[in-house]
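The values are calculated or read from the model by the stated rules, or taken from the named source; none is laboratory data. Here the structure is a predicted model, which is why all the values come from computation and not from measurement. Methodologically, a virtual Cβ is constructed for each residue, glycine included, from the backbone with ideal geometry; neighbour enumeration extends over all protein chains shown.
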Amino acid sequence: MFTKRKSHVARTLCLMVLAPCAWAVEPNIPVASAQSFAAIAALPAVRQAMAFIKTDDANTLAEQKAIVVIAAPTFQEKKRAEFYMAKLKATGLADVRMDSVGSVCGVRKGSGNGPRLLLSAHLDTVFPENTPLAITEKGGKLYAPGIADDTRGLAAMLSVVRALNASKIATVGDVWFCGTPGKEGLGDLYGIKQVFKDHKDIDGYIALESPTSANNEISYEATGSHRYRVTYKGPGGHSYSAFGLPSAIHALGRAIAGIADLQTPVKPKTTFTVGTIAGGTSVNSIAGEATMDLDMRSNDNAELLKLEEQALKIVQQAAAAENKRWGSDKLKVEVKAVGDRPGGSPSPDSSVVHALWLAVQAVGGQPKLTIARSTEANLPISLGIPGAVVGAGGYSEGIHSLDEWFDPTDAYLGPQKALMAILGLVGVEGVSAPMLKKLPARP
């Protein structure tokens with residue numbers, strides 16, 4: 001199914017340093033698919049569309065700037081969603097609407113009876129509502145919180161739609177374009193989950209994400225995550241006069257220490273962290289309440305469940321140990337699931353991966369399959385729907401920090417690549433059959 005390209009030693013070193021290097025696989029692309037892509041690329045209308053995207057680059061960047069200054073913390077994306085819905089409507093897409101949770105989607109219809117492809121970029125950012133979002137430019141780079149993640153993906157999709165319209169390319173299948181909330185933080189992918197709940201007939205998926213690496217990289221594996229909020233509650237009291245009562249903070253410390261000693265496999269990569277802690281009243285108080293947020297991730301669902309079982313057992317044992325220390329039964333623990341992102345490790349030989357690989361080559365790049373990511377693609381991949389993640393053009397660093405920046409050099413290659421992948425997957429009327437196969441409607 002794939003060709004080895006690196007030695008075992010190189011692969012091991014890649015894992016050890018956790019570097020964003022490409023895995024030692026290449027997809028086995030059928031000759032017919034490559035020939036179909038060549039036929040598509042040779043079409044005058046496609047060349048026109050590709051030229052349009054390059055010409056449209058300045059306009060796309062202007063839209064990126066307009067979007068980023070609209071605050072969109074997770075669970076507070078409505079204002080940005082309304083702005084983006086107006087932009088989708090302006091492109092002439094059909095059925096543009098906002099769903100029950102705030103995703104905004106529109107469809108470009110095909111000729112009928114073809115597959116349905118969905119592209120999405122997320123609306124939300126990790127930054128609080130009052131974060132200054134003014135854009136500064138220095139050395140050709142644009143600096144602003146969220147300037148790339150995922151503002152670039154949202155802008156790139158608009159350029160793709162305009163190019164399809166300008167070239168009047170008729171596709172066989174339908175193409176859905178969505179801006180979705182709830183990707184970051186504790187959003188738990190609620191936006192893309194609702195989209196797939198409402199649309200049971202999506203046959204393929206591409207996530208356009210912030211370009212943190214070269215635009216030739218394709219991620220097809222999904223890192224699943226389970227998140228829990230653990231709260232210890234006890235009677236609390238004065239540190240001296242009530243000494244002898246169990247402490248919520250001491251129990252929390254026992255749990256964190258136990259979790260920190262857990263061993264997880266390098267492959268499949270499986271990780272954990274206690275990301276936040278809170279609690280206590282004052283320096284001279286026995287804590288009556290203490291809370292931690294626990295994040296666990298793996299590219300393998302079985303390993304994720306194994307880690308979860310071990311960690312939650314430690315959480316309970318910590319409460320029991322703190323009570324035993326003081327001969328008490330007054331300390332309790334509450335465990336609440338706050339995140340469930342399904343994952344998966346599908347074969348690299350899916351139609352979506354093949355199309356993206358050929359699309360990268362079509363715009364002059366050398367495609368690479370890279371490490372798993374935790375993105376909106378997790379949901380379709382977990383459902384068995386062909387899906388992958390790809391950069392939306394340009395280059396960025398400092399993601400999730402106030403110093404996030406975006407370099408727009410040759411950023412048009414992102415939407416060009418997306419356009420080519422779309423045409424390969426849904427087919428061009430009278431020229432090429434869709435690479436994407438229609439799936440049975442999900443229950």
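Would you point out the residue of the range 324-339, among those that are modelled with pLDDT of 95 or more and crowded, with 18+ Cβ neighbours inside 10 Å, that is farthest from Asn378 (Cα to Cα)?
Leu331
Which of the numbered conditions does Ala214 fail, given that it passes all the others? Conditions: (1) aliphatic (A, V, I, L, M); (2) modelled with pLDDT of 95 or more; (3) assigned to a loop (DSSP other than H, G, I, E, B).
Every condition holds for Ala214 apart from (2).
Which numbered condition trips up Gln64, out of (1) outside the structural domain of Asp149 (by TED's automatic domain parsing); (2) at pLDDT 95 or above; (3) not β-branched (Val, Ile, Thr)?
Going through the list (1) outside the structural domain of Asp149 (by TED's automatic domain parsing); (2) at pLDDT 95 or above; (3) not β-branched (Val, Ile, Thr), Gln64 breaks only (1).
Please work out which one of (1) closer than 13 Å to Arg341 by Cα; (2) surrounded by fewer than 23 Cβ atoms within 10 Å (Cβ to Cβ) is the condition Gly182 fails and give its number.
(2)
Exactly one condition in (1) surrounded by 13 or more Cβ atoms within 10 Å (Cβ to Cβ); (2) part of a helix (DSSP H, G or I) is not met by Ala302; state its number.
Failed condition: (1).
Checking the condition of a type outside the set (Val, Ile, Thr), touching a Ser or Thr at 6+ places or on another chain (Cβ under 8 Å) and in contact (Cβ under 8 Å) with a residue 24 or more places away in the chain, which residue from Leu369, Leu356, Leu439 passes?
Values: Leu356 fails: touching a Ser or Thr at 6+ places or on another chain (Cβ under 8 Å); Leu439 fails: touching a Ser or Thr at 6+ places or on another chain (Cβ under 8 Å).
Step by step, each of Leu369, Leu356, Leu439 is checked, and only Leu369 is of a type outside the set (Val, Ile, Thr), touching a Ser or Thr at 6+ places or on another chain (Cβ under 8 Å) and in contact (Cβ under 8 Å) with a residue 24 or more places away in the chain.
Got a number for residues in the range 39-61 being assigned to a loop (DSSP other than H, G, I, E, B) and in contact (Cβ under 8 Å) with a residue 24 or more places away in the chain? Walk me through how you get there before you give the answer.
Narrowing the range 39-61 to residues assigned to a loop (DSSP other than H, G, I, E, B): 42-43, 56.
From the residues that got through so far, the ones that are in contact (Cβ under 8 Å) with a residue 24 or more places away in the chain too are 43, 56.
Of the residues in that region, 2 qualify.
Among (1) in a helix (DSSP H, G or I); (2) farther than 15 Å from Lys313 by Cα, which single condition is Ala278 missing?
Of (1) in a helix (DSSP H, G or I); (2) farther than 15 Å from Lys313 by Cα, only one is false for Ala278: (1).
Select, from Lys417, Lys438, the only residue that is modelled with pLDDT of 95 or more and in a loop (DSSP other than H, G, I, E, B). Show your work before the answer.
Values: Lys417 fails: in a loop (DSSP other than H, G, I, E, B).
Exactly one of Lys417, Lys438 is modelled with pLDDT of 95 or more and in a loop (DSSP other than H, G, I, E, B), namely Lys438.
For (1) closer than 30 Å to Val126 by Cβ; (2) buried (at least 24 other Cβ atoms within 10 Å of the Cβ); (3) modelled with pLDDT of 95 or more; (4) among the acidic types (Asp, Glu), each residue gets a yes or a no:
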{"position": "Arg341", "(1), (2), (3), (4)": "yes, no, no, no"}
{"position": "Leu358", "(1), (2), (3), (4)": "no, yes, yes, no"}
{"position": "Ser374", "(1), (2), (3), (4)": "yes, no, no, no"}
{"position": "Ile399", "(1), (2), (3), (4)": "yes, no, no, no"}
{"position": "Trp405", "(1), (2), (3), (4)": "yes, no, yes, no"}
{"position": "Ala421", "(1), (2), (3), (4)": "yes, yes, yes, no"}
{"position": "Ala433", "(1), (2), (3), (4)": "no, no, yes, no"}
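How many of the residues in the range 373-415 are more than 30 Å from Ala302 (Cβ to Cβ), out of contact with any helix residue (DSSP H, G or I) (no Cβ under 7 Å at 6 or more places or on another chain) and in contact (Cβ under 8 Å) with a residue 12 or more places away in the chain?
12
Kindly indicate the residue of the range 382-397 that is farther than 26 Å from Pro132 by Cα and touching an Asp or Glu at 6+ places or on another chain (Cβ under 8 Å) and also surrounded by the most Cβ atoms within 10 Å (Cβ to Cβ) among those meeting that condition. So that I can check it myself, show each step before the final result.
Restricting attention to the range 382-397, the residues satisfying the condition of being farther than 26 Å from Pro132 by Cα are 382-390.
Keeping just the survivors that are touching an Asp or Glu at 6+ places or on another chain (Cβ under 8 Å) gives 385-386, 389-390.
Details: Ile385: 20, Pro386: 27, Val389: 26, Val390: 30.
The selected residue is Val390.
Would you pick out the residues in the range 120-140 that are over 12 Å from the mean Cα position of the chain (by Cα) and either aliphatic (A, V, I, L, M) or not assigned by TED's automatic domain parsing to the domain that holds Gln64 (or both)?
Passing the criteria: Val126, Leu133, Ala134, Ile135.
Tell me which of these Thr270 doesn't satisfy, since it passes every other one: (1) free of Cβ contacts under 8 Å to residues at least 40 places away in the same chain; (2) surrounded by fewer than 21 Cβ atoms within 10 Å (Cβ to Cβ); (3) not charged (D, E, K, R).
Going through (1) free of Cβ contacts under 8 Å to residues at least 40 places away in the same chain; (2) surrounded by fewer than 21 Cβ atoms within 10 Å (Cβ to Cβ); (3) not charged (D, E, K, R) one by one, Thr270 breaks only (2).
Quick check on my filter: what residues within the range 251-272 are under 19 Å from Ala287 (Cβ atoms), out of contact with any strand residue (DSSP E or B) (no Cβ under 6 Å at 6 or more places or on another chain) and of a type in the set (A, V, I, L, M, F, W, C)?
If we filter the range 251-272 for residues that are under 19 Å from Ala287 (Cβ atoms), which is where we start, we get 251-259.
Going one step further and asking which of them are out of contact with any strand residue (DSSP E or B) (no Cβ under 6 Å at 6 or more places or on another chain), we end up with 253-255, 257-259.
Answer for the range 251-272, where residues must be under 19 Å from Ala287 (Cβ atoms), out of contact with any strand residue (DSSP E or B) (no Cβ under 6 Å at 6 or more places or on another chain) and of a type in the set (A, V, I, L, M, F, W, C): Ala255, Ala257, Ile259.
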